[in-house]
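To start, the structure itself, in structure tokens.
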Amino acid sequence: MVNPASIFKIKSAWEKFASNHPKFPMFLQAAMASGIKEDYIIEVKITDPEGKQICTNVKLTESDMELFHTLKDLKG
């Protein structure tokens, strides 16, 4: 069972993150509007202050899509 207080804490943290980084939620909305589907590849790159980079990617599966739909339903 999910603790409602934990959900509130996550929501509050997300709102602060979105306020600090407004382009990121817009990016996610655009990605969702175009219809993320199974077999799409999501890539993430992190660059530290010295310029060192690490990068990874994931190819979305059917179960990943189920997770995304569940998270979307939680949002309301």
statement: The correct ranking of 68, 8 by accessible area at 1.4 Å, largest first, is 8, 68
message: If I ignore ligands, DNA and RNA and count only protein heavy atoms, how much of residue 52 is accessible to a 1.4 Å probe, in Å² to the nearest 10?
response: 140
task: Over the range 30-76, with every protein chain in place, what whole percent of the accessible area is carbon and sulfur at 1.4 Å, could you tell me?
output: 57
Per residue Cα convex hull volume in Å³ - calculated over the chain: 139
task: Mind scanning 9/59; 11/37; 23/59; 9/52 and naming the pairs with a C-alpha gap bigger than 28 Å?
output: 9/59; 9/52
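The values are calculated or read from the model by the stated rules, or taken from the named source; none is laboratory data. Just so it is clear, the model here is predicted, and its values are computed rather than measured. In case anyone asks, the SASA skips ligands and DNA or RNA and just uses the protein heavy atoms, side chains included. Shrake-Rupley method; radii C 1.70, N 1.55, O 1.52, S 1.80 Å.
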